[in-house]
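What follows is a short report on a single structure.
The values are calculated or read from the model by the stated rules, or taken from the named source; none is laboratory data. Worth saying up front: this structure is predicted, and the values here are computed from it rather than measured. Only protein heavy atoms, including side chains, enter the accessible area calculation; ligands, DNA and RNA are left aside. Shrake-Rupley method; radii C 1.70, N 1.55, O 1.52, S 1.80 Å.
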Amino acid sequence: MTAVVDAKKVLHAASHTVSDVTGAAESTVRDATTEADRRVRELGAFIREQREHARLSGRNLAKRAGVSNPYLSQIERGLRKPSAEILQSIAKALRISAETLYVKAGFLEERETDVTTAIMADPDLTERQRRALLEIYRSFIGEPALPATPDPEGGPAATG
């Protein structure tokens with residue numbers, strides 16, 4: 001009799017474990033679907049912003065990208081997720097990087113790019129050129145300028 005009771009307990013515990021795993025899997029799928037839907041909407045909004053920034057009508061962009069106007073409209077409203085090929089066509093028509101659209105669509109991981117590090121590491125730039133680029137970059141993003149330092153190439157002191 002105790003074997004039957006123990007078997008029932010094990011079966012009951014197993015059914016709870018299966019239910020828990022099923023619930024967790026459903027939650028994970030739901031979260032992934034929600035994330036994918038969010039990405040598609042953000043991609044569409046980004047494409048629309050870029051189109052408006054370029055002062056193109058939906059019809060004009062659709063024609064340049066080789067897609068139908070209704071399809072482009074669905075993409076911009078986040079109702080369709082375009083293929084990488086379509087994104088490349090849209091990027092070309094907008095004159096922006098296809099990589100940007102691939103990242104927005106979730107096809108590529110966003111690369112961490114530290115502009116300051118890239119400028120400082122570029123072997124083709126002189127120290128003076130690096131400082132000038134950094135000064136311009138910082139003025140665009142609102143960081144304070146670098147303090148003035150003597151130019152190692154013998155020119156006037158660089159300001160920063």
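Residue-level check: of (1) modelled with pLDDT under 95; (2) open to solvent by less than 60 Å² (accessible area, probe 1.4 Å), residue 47 misses just (1). Counting only helices (runs of 4 or more DSSP H) that sit completely within the range 43-110, those holding 1 or more residues that are within 26 Å of residue 33 (Cα to Cα) correspond to 69-76, 84-94, 98-105.
Does residue 133 fit the bill of being more than 19 Å from the chain's Cα centre (by Cα), on the phi < 0 side of the Ramachandran plot and at pLDDT 90 or above? Yes.
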